[in-house]
Amino acid sequence: MSDLFTSLTTASRALATHRMGIDIAGHNIANVNTPGYARRVVDLAARGPGTPAGAGSGVDVMTIRALRDRLLEERLNREAPLEGREAVVASALQVVETALGRPGESIDARLAAFFNSFAGLADDPTSRNLRHEVVLQGEAVAAAFRDMAGRLDRSRQDADREVRGLVDDINNLTTRIASLNQAIARTSAEASLHLRDEQGALVRRLAELVEISVVTRSDGGVDISAGQGRPLVVTANAYAIGVTSTAPSGFAALSINGATVTSELTGGRLGGHLYVRDTTIPAYQARLDEIAYELHQRVNALHTAGYDQSGVDAGDFFAFSTPPSGMSGAAAALIVHSTVAADPTKVAAASIAQPGDNQTARAIASLRDDRVLSGNTATFSDLWGQLVYRVGRDARSAADARDSRAEIVRQVESLRDNVSGVSLDEEAMNLLKFQRAYEANAKFFTIIDETLEMLLSLVR
Amino acid sequence: MRVAFNSQFRDALSGIAEAAKRLVEAQRQVSSGRRVTKPSDDPSAAAGAVAERAQLAATEQYERAANSTAARLNVTDSVLDNILATLTAAQSTALSGQGSTKSATEREAAAQYVEGLRTALLSDFNATFHGTYVFAGVKTTTKPYVESGGVVGAYAGSTTEVGIDISDARSVTVGFNGEAITKGSDAKDVFAVFDDLIVALRAGDDAGITTALAGVARAFDRATTAQTRVGVALKAIETEGQRLRDVKLAVGARLSRLEDADMAQAITEMTRAEAAYQAALGATAKSARASLFDYLG
């Protein structure tokens with residue numbers, strides 16, 4: 001049989017417990033917008049009686065738990081890098097797409113104008129003005145190739161800058177996760193709830209940047225690796241991603257713990273930028289270089305076989321400011337040959353040493369329609385059309401992939417929120433519940449107090 | 001199922017964003033009138049449009065070439081008219097100077113008239129268009145026939161003729177080989193024949209006149225052949241011109257089908273997207289207002 005003082009203790013403990021309930025509801029409401037916050041619940045337990053036939057000694061807070069669904073969080077960490085990657089690729093390709101120029105005002109239009117200028121010269125092969133026009137159009141088409149090559153190159157450089165920035169962010173995050181690991185390992189599970197919230201949020205942010213695999217340790221810490229099992233965080237140690245600039249592009253090569261991982265990191269925003277920098281844009285550049293190189297070769301082959309306005313053997317029409325290696329770099333280096341640029345009479349219209357002949361001009365003009373490329377299957381505008389198609393298709397599918405990935409992430413986040421997210425209605429209910437319980441317990445306290453007072457007055 | 005505070009907003013936001021995206025896209029189509037403004041809008045249509053534009057540019061160039069070529073050929077045609085008239089006049093004059101009944105004065109008059117015709121013929125064969133010689137083949141800057149000391153020199157032009165492409169399938173000659181008209185396979189060119197005729201007229205050499213007349217007649221035939229070629233070329237330009245106009249229309253129509261928005265559809269789509277957007281906004285504004293806290297005293 002317990003005494004009245006014990007009952008007082010029971011009442012005061014119950015009051016404290018329910019105030020804790022109110023506090024937790026308040027804490028949940030306060031953190032309703034905190035990213036990575038998992039709502040807290042109080043687990044209550046009835047206390048047994050101190051003596052065999054007692055009424056029990058009230059209630060106590062057993063634990064305060066954060067409600068998390070490990071599976072959903074892991075799922076999120078797996079989906080986040082895919083979304084991050086597609087978002088990056090989609091936005092980079094949007095920029096590349098604008099680099100292609102408006103339909104009908106880009107390289108294809110310049111090519112058509114260039115070939116047409118030769119057709120115009122064929123019309124009046126002795127004209128000096130039309131030769132001038134040919135040189136101007138030649139310079140315009142060469143400039144269009146150089147501009148486009150420059151824009152593609154800038155897109156690659158932008159991607160490289162992003163890569164370097166993201167590596168800094170990643171290294172920063174892994175350092176913080178490692179130090180959190182240390183802090184969590186030193187703290188009891190209950191006291192480290194907010195640390196784990198932070199850990200979850202940091203891992204989530206890291207997963208957006210790079211594809212990672214996460215292993216939770218028994219002490220609550222996480223070990224993180226990327227690529228082919230390259231360590232980023234192991235217990236309290238963070239392994240920074242190293243950046244070295246490589247010749248000749250000066251682009252960043254990445255390494256973890258001494259191993260080169262540039263091609264291993266395919267996911268996340270980092271993977272997206274690497275993909276754009278090393279795969280997508282180089283493919284476009286190669287195609288553009290092919291068109292520029294073929295233009296140089298085909299026009300020069302016909303031009304050098306011709307004769308200029310003075311009936312002298314003509315030289316090259318196009319030249320490269322720096323010799324390309326193979327076709328690579330042809331677009332960026334395409335110029336009108338300095339001899340022709342300086343003196344338009346050096347433009348060849350004739351295939352024989354006669355001023356009125358226009359065979360060469362006609363032959364160059366008809367390159368426009370000739371299927372001379374890709375094994376005699378494609379015209380210049382076909383090749384350009386293929387490039388346009390490819391960029392358009394890539395941009396389109398990247399945007400579609402981004403949207404569907406974002407939708408998946410959104411749905412998994414909703415599922416996680418259904419478990420971990422704060423519901424204001426629920427917290428309002430909890431506040432009400434604990435408030436009423438507190439009131440009832442306060443009443444109980446008053447009653448015990450009155451009973452005690454009555455007892456004391458008996459003694460007097 | 002629990003509905004968390006945040007997921008309510010996240011869903012609402014993504015709904016609004018999706019509706020806004022559709023609305024913006026529909027507005028873009030309506031305001032620009034274009035379905036495809038960048039390759040990713042429809043990659044295959046964009047690539048197709050590149051090919052159509054290339055054909056359009058080529059067609060426009062062929063049209064320009066056809067116009068200037070037609071002008072040149074019309075000039076050539078009228079020059080050949082003059083040449084034929086000159087040759088006809090020479091024939092009738094020669095016939096009028098032939099015969100034993102003609103007096104020396106009559107023959108001298110005929111000879112002088114033919115001399116005048118010869119000068120006209122010379123200037124016709126040296127005809128130019130925009131400063132280039134029409135009957136000099138590819139030597140368009142060289143005067144094909146030069147007279148010095150009363151004698152017309154040999155053909156100074158080229159036997160290679162100048163052609164111009166008036167479509168992807170057709171080219172026409174614009175710079176003619178003058179010698180093919182004046183001389184052909186004869187031993188003497190038409191100017192030498194005229195010289196012989198003048199001498200024969202003065203001398204009353206009827207046999208010489210007959211020989212010369214035969215030479216003039218052959219020159220007449222050759223000039224007629226040349227004029228027929230010009231006529232055929234002009235006809236071809238007209239036919240090709242019609243075809244090019246048809247091609248241009250067809251290409252324009254295809255380009256429009258590939259790139260232009262169907263306005264009725266685009267406007268319907270915009271109205272629908274606008275309604276959806278407003279509905280999404282309204283639903284969010286309404287649902288976000290209510291909470292249990294509103295009812296707790």
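Nothing in this text is a laboratory measurement; each read-out follows from the coordinates by a stated rule. Just so you know, these numbers come straight off a predicted model, no measurement behind them. Cβ sites come from the backbone with ideal geometry, for glycine too, and all protein chains shown count toward neighbours.
Sort out which residues of the range B:170-208 are at the interface with chain A (Cβ under 10 Å from one of its Cβ atoms) and surrounded by fewer than 21 Cβ atoms within 10 Å (Cβ to Cβ), and write them in order of number. Listed by number, the list holds a single entry, B:S171.
Does the range A:284-307 contain any residue that is surrounded by fewer than 19 Cβ atoms within 10 Å (Cβ to Cβ), closer than 30 Å to B:V138 by Cβ and touching a Ser or Thr at 6+ places or on another chain (Cβ under 7 Å)? Checking the range A:284-307: at least one residue is surrounded by fewer than 19 Cβ atoms within 10 Å (Cβ to Cβ), closer than 30 Å to B:V138 by Cβ and touching a Ser or Thr at 6+ places or on another chain (Cβ under 7 Å). The numbered conditions (1) in a helix (DSSP H, G or I); (2) without any contact (Cβ under 8 Å) to a residue 12 or more places away in the chain; (3) more than 10 Å from chain A (Cβ to nearest Cβ) are all true for B:A89 except (2).
Checking each residue in the range A:373-399 for being hydrophobic (A, V, I, L, M, F, W, C) and part of a helix (DSSP H, G or I) picks out A:F380, A:L383, A:W384, A:L387, A:V388, A:V391, A:A395, A:A398, A:A399. For the range B:242-293, name all the residues that are assigned to a helix (DSSP H, G or I) and of a type in the set (S, T, Y). Scanning the range B:242-293 gives B:S256, B:T268, B:T271, B:Y277, B:T284, B:S287. May I ask you to verify whether B:T140 is buried (at least 24 other Cβ atoms within 10 Å of the Cβ) and not in a strand (DSSP E or B)? Yes, satisfied. The set of residues in the range B:1-60 that are of a type in the set (G, A, S), free of Cβ contacts under 8 Å to residues at least 12 places away in the same chain, in a helix (DSSP H, G or I) and closer than 30 Å to A:L415 by Cα comprises B:S7, B:S14, B:A17. For B:A65, the requirement of being more than 24 Å from B:V193 (Cβ to Cβ) and facing chain A (nearest Cβ under 9 Å) is met. A:R371 falls short of the stated requirement of being without any contact (Cβ under 8 Å) to a residue 60 or more places away in the chain, more than 10 Å from chain B (Cβ to nearest Cβ) and over 30 Å from A:Q297 (Cβ atoms). Condition check for A:A361 on (1) surrounded by 18 or more Cβ atoms within 10 Å (Cβ to Cβ); (2) assigned to a loop (DSSP other than H, G, I, E, B); (3) more than 9 Å from chain B (Cβ to nearest Cβ): one failure, at (2).
Does B:F220 qualify as being surrounded by 12 or more Cβ atoms within 10 Å (Cβ to Cβ) and within 14 Å of chain A (Cβ to nearest Cβ)? Judged against the criteria, B:F220 is not a match. Tallying residues that are under 18 Å from the mean Cα position of the chain (by Cα) and over 15 Å from A:L166 (Cα atoms) within the range A:237-268 yields 2. Name the residue that is farthest from A:G84 (Cα to Cα), counting only residues in the range A:429-451 that are within 11 Å of chain B (Cβ to nearest Cβ) and without any contact (Cβ under 8 Å) to a residue 40 or more places away in the chain. Going through the qualifying residues, I end up with A:L432.
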